[in-house]
């Protein structure tokens, strides 16, 4: 069984709530807040969920800005990463959930990214988090589409199941 870490950055507590919900759905997963994580503690994991709030116009959550350069130095050879980001698809329709792209860009080529999600069913104009026609991870909108969160999480985890064994 994979050793799984859920690492999140939250400014208002919403991303933390999603990370905690994810932890209840993924057996044995350990939860880390980037605001106070020791990067060395992340080394022994095989699978990482990296989650972030999208702040401002598509920007990465502040605590991620501080820790990401240190996380970049870890050896992710043979490891897998699934991203999730929260955003507001109505007020920030041109940068919806775009913060996860910063994590993707920093770690691309260092690990295998899994868990891309179709943009079908989402209402937004554009996002840096869309690569090759799909979100590079799970995009959630707790401001306008909170009623879709549980179903989106469930479907995403079903797609990720082979990697979580």
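Of 55, 131, 114, the residue with the greatest mean-square motion in the GNM of the chain, using alpha carbon springs below 10 Å, is 131. Temperature 25 °C, viscosity 0.890 mPa s: under these conditions the Stokes-Einstein estimate for the stretch 12-165, based on its Kirkwood radius over C-alpha pairs, is 158 µm² per second. For the stretch 1-95, the Kirkwood hydrodynamic radius comes to 13.8 Å, computed from all pairs of different C-alpha atoms. Which distance in Å, rounded to a whole number, links the C-alpha centroids of the stretch 60-109 and the stretch 1-26? The two parts, judged by their Cα centres, are 14 Å apart. Working ranking of peptides 72-78, 46-52 by packing, defined as the average number of other Cβ atoms within 10 Å per residue, highest first, is 46-52, 72-78.
Extending 7 Å from Cα along the Cβ direction at residue 143 and again at residue 17 yields two label points whose distance is 1.5 nm. Helix 14-25 and the long axis of the chain differ in direction by around 60°, with both axes built from C-alpha atoms. Fully extending the segment from residue 120 to residue 165 would add 13.5 nm, taking 0.36 nm per residue of separation and subtracting the current Cα-Cα distance.
Across the chain, the mean sequence separation of Cα contacts (distance under 8 Å, 6 or more residues apart), normalised by length, yields a relative contact order of 22 percent.
Between 0 and 90 degrees, the angle of helix 62-71 with respect to the longest Cα principal axis of the chain falls at about 40 degrees.
Each peptide in 142-154, 94-106 receives the mean, over its residues, of other Cβ atoms within 10 Å, and ordering these scores from highest gives 94-106, 142-154.
Among 136, 18, 67, the largest mean-square fluctuation in a Gaussian network model of the chain (Cα springs under 10 Å) belongs to 67.
Dividing the helix sum by the residues of the chain, where each DSSP H run of 4 or more adds -39500 (n - 2.57), gives a mean residue ellipticity at 222 nm of -7500 deg cm²/dmol. The three principal axes of the C-alpha atoms in the stretch 117-165 carry coordinate ranges of 35, 27, 14 Å, sorted with the longest axis first.
Values quoted throughout were computed directly from the atomic coordinates according to the rules given, and no laboratory measurement underlies them. Because the structure is a prediction, the values reported are computed rather than measured. Virtual Cβ from ideal backbone geometry, glycine too; neighbours counted across all protein chains shown.
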